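The values are calculated or read from the model by the stated rules, or taken from the named source; none is laboratory data. No experiment lies behind these values; they were computed from the predicted model shown. Positions of Cβ are generated from backbone atoms using ideal geometry, with glycine treated the same way; all protein chains shown enter the neighbour counts. Surface areas here come from the heavy atoms of the whole protein model, side chains and all, with no ligands, DNA or RNA. Shrake-Rupley method; radii C 1.70, N 1.55, O 1.52, S 1.80 Å.
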Amino acid sequence: MENQNILIYDTTLRDGTQREGLSLSVEDKVRIADRLDRMGVAFIEGGWAGANPKDGEFFRRMQEYRLSSAELVVFCSTRRAGIKAQDDPMLVPIIGAETKWITIFGKSWDLHVIEGLRTTLDENLAMISDTIAYLKSCDRRLIYDAEHWFDGYKHNPDYAIQTLRAAFDAGAEWFVLCDTNGGTMPDEVAQITEVVYDSLRQWGSSSPQIGIHTHNDAGLAVANAIAAVQHGATMVQGTINGYGERCGNANLCTVIPNLQLKMGYECIAPAKLSQLTEVSRQVSEIVNLAPDDHAPFVGASAFAHKGGIHVSAVQRNPLTYEHITPESIGNHRRIVISEQAGLSNVISKVETFGICLRKEDSACRQILQKTKELEQIGYQFESAEASFELLVREALGDRPTFFTISSFHVYCATDETHKDGSVNSQATVKVLVKDEEHLTAAEGNGPVAALDVALRKALISFYPEIANFYLTDYKVRILNSDSGTQATTRVLIEFSNGKRRWSTAGVSNNIIDASCKALGEGIEYGLLSAVRHTKV
């Protein structure tokens, strides 16, 4: 167990897509495969060729698109009962995928053999052996995924070991132990992995190649993967951001830094480890799921500090409240501004904007006071950092006036409700730009959409950069629900220009007014960023 290199086997494109609500096009899969390859994972499982047209097309595309370092893997089950592997049409597209490596999964649990496959235990062993031997004869290298391994071993250890031996004798090179139901405990994973390690040594493998594939149904997928590595596994299968069926798979964005930074294993080249946060967020963009801000290591809040005492301590020595250096995995420290903020928070936060303040500066206390006043009426700057930066620059006299919204009017045609429940709306916006007043109108799928289109229409001839800004999230929070329809509403809007995200807030007892404030500040901040970038 002296091997310190752990091979990362990514199954985002296959197991990850089994997550409810997640779907990838062929182009999406190619983009993700390319990004994983550049980060340096060892294996990329592309899907089950022949199971659906999309996966078949993906492997055809990848025959023209060669990866630089990762091995592309096609996935399939053992042959069906009662026929020879060479006669099973299911294996034809698997061979046609033209990958060097094939992952075959087979049944380890006698319960699944009898009730799932409805065949005999001996036939299941033959299915494993025949499939692997046949594919090996086709000049392929084999990874064997022992499905339901831990449950099977606990129920009938002798038979579970026989299934692995069948794969071993047939020529499989890797033996992946799967916690398919996700309910095994780490101590069980450790003990059973050791049993497999010792068995492979007895069968003649001087350096057993064991993999681990864990699901997160008990919240232990990462812990179980690490436990397996500590007891002999040298391959970890998982997905970016932990995507997967039910509760997901082992999250590689958590597994990799734990193994590499804390335990001394090398999973990817050290120089590429700093790409991890970027990869996490790029994949979340491609699959169209919001990033988990509170995810370990790569989340936007993973190194966020809010309490004044914490901020002061981190300023003196980051080790006081950070378990690793954020930059090592491509993340960064964030100082959160809220009603709990002190002067230390303000000073540290404005440094991220390239602004240097001292405690004795009058602007520092002015910013802190204004922040607390606005949060008192409902603003929340920890989730709207772009709005906070605009506040800071206004206090310092460094907030350019790109435009001013003079007035707006929104009309909703409730008699034109669409099948999806949305309402056709019209908006007119009057803006002042460079001492000129402009009135524009636009339609949209709902009042906020109409307002957004009208505002952009009024401004884009002056600021073409706006064409690159788009909304990625829109949240509404009722702050005092006991006031009924007179309640104060906070709107948080997230924007993106394809390279970075920023969020702004608006507060009002009128949801459209709150939305207009957030929209206006979001566009203003995007323009400010574009100007600053141009200057750099």
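I'm trying to understand the selection: among the residues of segment 228-256, which are assigned to a strand (DSSP E or B), aliphatic (A, V, I, L, M) and within 22 Å of ILE329 (Cα to Cα)?
Answer for segment 228-256, where residues must be assigned to a strand (DSSP E or B), aliphatic (A, V, I, L, M) and within 22 Å of ILE329 (Cα to Cα): MET235, VAL236.
Only residues that are open to solvent by 60 Å² or more (accessible area, probe 1.4 Å) and over 24 Å from SER129 (Cα atoms): list them for segment 53-80, please.
PRO53, LYS54, GLU57, ARG60, ARG61, GLU64, TYR65, ARG66, SER68, SER69
Of all residues being of a type in the set (A, V, I, L, M, F, W, C) and crowded, with 18+ Cβ neighbours inside 10 Å in segment 340-362, which is farthest from ARG393 (Cα to Cα)? Just the residue, please.
The extreme case among them is ALA341.
Looking at the structure I just gave you, is GLY21 at positive phi and either under 17 Å from the mean Cα position of the chain (by Cα) or among the β-branched types (Val, Ile, Thr) (or both)?
yes
Filter segment 16-39 down to the residues that are open to solvent by 10 Å² or more (accessible area, probe 1.4 Å) and within 22 Å of ALA221 (Cα to Cα), then identify the one that is modelled with the lowest pLDDT.
Result: GLY21.
Under the condition of being among the aliphatic types (A, V, I, L, M) and under 28 Å from ALA487 (Cβ atoms), which residue from segment 368-396 is surrounded by the fewest Cβ atoms within 10 Å (Cβ to Cβ)?
ILE377
Results for (1) within 26 Å of THR180 (Cα to Cα); (2) in contact with an Asp or Glu (Cβ under 6 Å, 6 or more places away or on another chain), shown as yes or no for each residue.
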site	(1), (2)
ALA250	yes, no
LYS262	no, no
TYR265	yes, no
ILE268	yes, no
LEU273	no, no
GLN282	no, no
HIS294	yes, no
GLY299	no, yes
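Give me the residue from segment 422-453 that is open to solvent by 50 Å² or more (accessible area, probe 1.4 Å) and acidic (Asp, Glu) and, out of that set, farthest from SER407 (Cα to Cα).
This residue is GLU443.
Only one of THR239, THR254, THR234, THR325 is in contact with a Phe, Trp or Tyr (Cβ under 7 Å, 6 or more places away or on another chain) and of a type in the set (S, T, N, Q). Can you tell me which?
The match here is THR254.
Restricting attention to segment 508-528, does a residue exist that is closer than 21 Å to THR352 by Cβ, charged (D, E, K, R) and buried (at least 17 other Cβ atoms within 10 Å of the Cβ)?
Yes.
Which of the residues that make up segment 113-145 are hydrophobic (A, V, I, L, M, F, W, C), part of a helix (DSSP H, G or I) and under 16 Å from PHE175 (Cβ atoms)?
Correct list: LEU125, ILE128, ILE132, ALA133, LEU135.
How many of the residues making up segment 176-192 are buried (at least 16 other Cβ atoms within 10 Å of the Cβ) and farther than 21 Å from ASP10 by Cβ?
Qualifying residue count, segment 176-192: 5.
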